[in-house]
Structures are given as structure tokens and as C-alpha cells.
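Student: First the structure, which I've put down as C-alpha cells, then a few questions once you've had a look.
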Amino acid sequence: MKKIHSLSRIALPRITLCAAILGMGLNAHAADETIRQLAKERGRFIGTILNSEWFNDDIEPEFEEIHKTQFNVVVAENEMKFDATEPNEDEFNFEKGDKMVKYALANNIRVRGHALAWHSQVPNWVNNYKGQKEKLLAVLKNHITKVVTHYKGKVAEWDVVNEAINDDYNADWRSTNSVWYEGIGAEFLDSAFVWTHEADPDAELCYNDYSIEWGLREGSKASFVVEQVKRWKANNIPITCVGTQTHIEIAHETTPQNVRALAKALAELNVTLNITELDIGFPKGSAGNLSAADYAKQGHIYRQFMDVFLEEPNMGEFVMWGLTDAHSWLDEQQGKTEGLLYDKQYKPKPAYDSVMASLKAHPASEVKTPYSETILNPPKDCDAGGCGDSTIAIMPSAVAKKGMSVQIAGRTLFITGIATEKSANAASNAAKVDVFDMQGRPIYSTQSANGAADLSTIAEGLYVVRVHDGSTSIVKKISIK
Ligand code: XIL
């Protein structure tokens, strides 16, 4: 049942609620300044989960409004896990995952898939095969192949293996309470990466774990991860990223710098580091007694994480495990509370302002992206439902930012106002030109030279052209005659 009582329950003055919906902090900035906008300009993805309540239509309307306004990457809290997607052997249920993908496509949000091989949230029928190596290999392969194939091209990145390392930091694999490790051995990890890659060669593939933000000391979990990544790379196992969950507490002030050190170690191996499940909780007992200074401290730690994220060139995604303190696993399962950017009334906390302040302190021209242009601005796949919003194409709001403009004359597209200081292309005054049909399907791409692009090979008709110069894009309808 959809919650429609939020206005009366929250009883906020109308003006405050509007501000909350727009995601404005107390020092309200222009309505169009959102985390997602600043993230996109910087070639990065910042986001959060869709809580299980969203999937069940049991969440306040503010949730989705803020979610799609503020964020450009999304993860399902539980709905893509093994027990959700294959509740009975070889019977798959993609209903909820599909709901998220549809929402993400309609709102241009990147999707992380979480998680394929994990010892937790495994359905009972798998446990019936405990210790049967061949059977478990077949079960895992079938699961990965069918799930990843189903979402091929729609899920940009998978947590292929989640939490496979021991809890007690003795630098080894988790050897108990893991049906996969106990039945198959450590080779289940290597196989999982290979099978995922076979099913979707374009997806990024992560190893994801907790407590790897605790530092690269000898024998630490983080050092173990780095050693394994070295081994995987040396053996051509297709890993492209590591996820550090980063469920931390307000007392963990040094963790941002630990994350920086891990990013640097992984950069040497050509692997991206993502923050995948950040929350910075207070002890549960402190609920109701927190001061402005407590929230400022939380904001300070969020800010340091965001600084590290933006300063390390091999970091790509910054994902929080929840949007509002009203819906968080911290209270329900962790004995912690209030770890997120928005409070229980959907009001942005000082942590929100800190994240924005960090983004603004790191101008787009100084932030490197680990992603290619196609990943940052994926062409719309209309067959997959990506054109539900009529595509970039026919939007009358095709706006030229920072003075860029395009004009068609005959078969030549003339571009003025290409960025001069930022882009690598600036020297040649070049920009990437993508042409789409009116349904939003990509039909032609080229590079402009000296402010012009030749479109002579394109048939007569109406099209949409997108010009991107590394920092700015313009989208415009054109007629080729
Ligand atoms: C948690 C969910 O938030 C809960 O709703 C669920 O009951 C248990 O799992 N690490 C992970 C996530 O990789 O999948 C976990 O999510 C949080 C810890």
C-alpha cells in the first residue's frame, strides 16, 4: 500500500517541505544545484539504494522525488540478491529488479547490480547441496549466467563477489558459513568473475567487502584484497573494480585517508575503487540527544570521504546505503542510527551541505573520471525502454550551456563555443558529435574538426544531435536535407 500520509505525519511547514523535496540545504542554493548535477559534471556517479520499502510501494512520496533529483547511480537494497532473483531452483523472479531498471532508465540513473556470489541471503534450496562441489558450481554458473544475461546492457556494474573474506582479519577467505567456499573452495570467486564477464563483457565487475576501509596494515583485510586483485589481474580474471562498503561510525575519523591509500594501491593495478554502502552512524542510544556539533562532525567525515573520492582519479562511484534516516538498516539491524544525508523528515542534514561543499570545492576541470564518454553519456537503448521519456532528442529544453551553440548548414554542422581550457580536445577545437533518430537511437558518431562536423553520409530527415566537448554538452533537433 502506498504511503500517502506523509505530509500530515511529517507536519512540516509547506515551504520547508518544498525545500526538502528539492534537496536544498538550510542555506538553500539555486534549485538546480543538486548532487547529481555536480557529480555528472565531474564524470562521477553519486547515489544510494532503493530501499525495499520503495519496491513494495510502501514509502513516502518524497523518497523517490529526492532520489531521482539528487542521485545518478542506484542499487537495490535486497531485490537483486540470490534469494530474491532465484527463490526456487532455476525459477527466476526479475519483477522487482526490472522495476528498478525501468525507473533508472527513465531517469538516466546508472545501475549497480548487487550481488551475485555472497554467502548471505542465499535461498534454502542452495544449502541442500552443501559440500557438493560440481552441483554448486553448476548452480552458481546458472544463476550468474541467467541473471547477468537478463540485465545485460542495463546493469552497468556487478558486485560479482560480496564479503568473501574472513571477519577476523586473519588474511584469508571466509571459510565458515559460506556454502560457496565450503563446497567449492576459493575457485568459486575466480569462476564467478569469468562467468559474469562471459554473460556481459561490457559490465564492470567488482569485488565488494566491508572493513576494507580500515587500512592497508600487514595482515589487514584491505591488504588481502590488494593481494588477491594482483593475483586476479596476473591470471586474467576480469575484475575491474573493488567496492569498499564503508559502514562506519562517527568515531572512525581516519577512515577517509585509509580509503585514499587503498585507491592509490588499486590505481597501480588499474582497478577502480568505489565506495559502495557508506553510512556514518551514531550509537543507537544517542538518538534524540545529538547536538549541532555531532551533526557537524558527521558532516565533516562525509566531506572528507567526498574530498578523497573526487581527488583520486580511479574512484568512480560514491554510494550511500540509504537516503533518509527514516529507512535505514542501521536502526533495524546494526545498533546504530542517523547515518545518512537526510533526516527522518527528509530534511537535508549538515552532511548534505558538506557533500555539496566538497563537490563545489573540486571544480569539474580538476576532477578526473575513470569512465569513457559512452559510459558517462550512454546512448539510449529504445528497445530496452530507455526512450520512455521521449529521449534527449525532442526535448525543447535543448540548452546550450556556457555559450556553446550548433547550427546546420547543408550537410555540415557548425559548432561554436567549444571549451577552450578544459578538454583534451581543446587544442584542436574538437568535440564529439552523436546523431540520434527521433526515437533516440544512436545512428552516427563523429568528431568535429575546427568547429565543423561532416554529416554528409546521413539520409535526409529529422534528427537530434548531441555535441560534447569534454565538459559541456548541447542537444539540438536538426533537419538534414
Ligand atoms: C542489508 C539490507 O540493508 C537489509 O535490508 C538486509 O536485511 C540485510 O542486508 N552489506 C551488504 C548489503 O552487502 O547487502 C547489506 O544490506 C548491508 C551490508
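The values are calculated or read from the model by the stated rules, or taken from the named source; none is laboratory data. The structure presented is a predicted model; accordingly, all values stated were derived computationally and were not measured. Don't worry about glycine lacking a Cβ; one is built from the backbone with ideal geometry, like all the others, and counts go over all protein chains shown.
Student: So which of ASN108, ASN88 ends up being modelled with pLDDT of 95 or more and over 16 Å from the mean Cα position of the chain (by Cα)?
Tutor: ASN88
Student: Inside region 153-180, can you point out the residues that are away from the ligand (no atom under 16 Å from the Cβ) and either of a type outside the set (D, E, K, R) or farther than 23 Å from GLU77 by Cβ (or both)?
Tutor: Selection gives GLY153, ALA156, ASP168, TYR169, ASN170, ALA171, ASP172, TRP173, SER175, THR176, VAL179.
Student: Still on this structure, please answer the following. Testing LEU278 on (1) surrounded by 24 or more Cβ atoms within 10 Å (Cβ to Cβ); (2) without any contact (Cβ under 8 Å) to a residue 40 or more places away in the chain; (3) hydrophobic (A, V, I, L, M, F, W, C), one condition comes back false. Which one is that?
Tutor: (2)
Student: List the number of the failed condition for ASP383; all other conditions in (1) in a helix (DSSP H, G or I); (2) out of contact with any Ser or Thr (no Cβ under 8 Å at 6 or more places or on another chain); (3) modelled with pLDDT of 55 or more hold.
Tutor: (3)
Student: With respect to GLU204, is the statement that it is of a type in the set (Asp, Glu), crowded, with 22+ Cβ neighbours inside 10 Å and more than 16 Å from the ligand (Cβ to nearest atom) true?
Tutor: yes
Conditions (1) buried (at least 22 other Cβ atoms within 10 Å of the Cβ); (2) of a type in the set (Asp, Glu); (3) more than 27 Å from ALA265 (Cβ to Cβ), marked per residue:
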site: MET320; (1), (2), (3): yes, no, no
site: ASP325; (1), (2), (3): yes, yes, yes
site: GLY335; (1), (2), (3): no, no, yes
site: GLU338; (1), (2), (3): yes, yes, yes
site: LYS344; (1), (2), (3): no, no, yes
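Student: How many residues does region 262-321 contain that are of a type in the set (Val, Ile, Thr), more than 18 Å from the chain's Cα centre (by Cα) and assigned to a strand (DSSP E or B)?
Tutor: Of the residues in that region, 1 qualify.
Student: Select from region 63-85 the residues that are away from the ligand (no atom under 16 Å from the Cβ) and not in a helix (DSSP H, G or I) and write down the one among them that is farthest from LEU136 (Cα to Cα).
Tutor: Only one residue tops the list, namely PHE71.
Here's the yes/no breakdown for (1) in contact (Cβ under 8 Å) with a residue 24 or more places away in the chain; (2) within 30 Å of PRO123 (Cβ to Cβ):
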site: TRP173; (1), (2): no, yes
site: ILE184; (1), (2): yes, yes
site: ASN235; (1), (2): yes, no
site: ALA267; (1), (2): yes, no
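Student: Sticking with this structure for a sec: Here are the criteria: (1) within 21 Å of GLU311 (Cβ to Cβ); (2) surrounded by 20 or more Cβ atoms within 10 Å (Cβ to Cβ); (3) hydroxyl-bearing (Ser, Thr, Tyr). Tell me which single one THR254 does not satisfy.
Tutor: It is condition (2) that THR254 fails.
Student: While we're looking at this one, here's another question. Does VAL101 satisfy being at pLDDT 95 or above and part of a strand (DSSP E or B)?
Tutor: The answer is no for VAL101.
Student: Continuing with this model, one more query. Within region 128-150, how many residues are touching a helix residue (DSSP H, G or I) at 6+ places or on another chain (Cβ under 7 Å) and either within 16 Å of the ligand (Cβ to nearest atom) or in a helix (DSSP H, G or I) (or both)?
Tutor: Of the residues in that region, 12 qualify.
Student: Which residue, of TRP125, TRP118, is among the aromatic types (Phe, Trp, Tyr), within 14 Å of the ligand (Cβ to nearest atom) and more than 30 Å from ARG42 (Cα to Cα)?
Tutor: TRP118
Student: With the condition kept exactly as written, say whether any residue in region 348-363 is touching a residue at least 40 places away in the same chain (Cβ under 8 Å) and within 16 Å of the ligand (Cβ to nearest atom).
Tutor: No.
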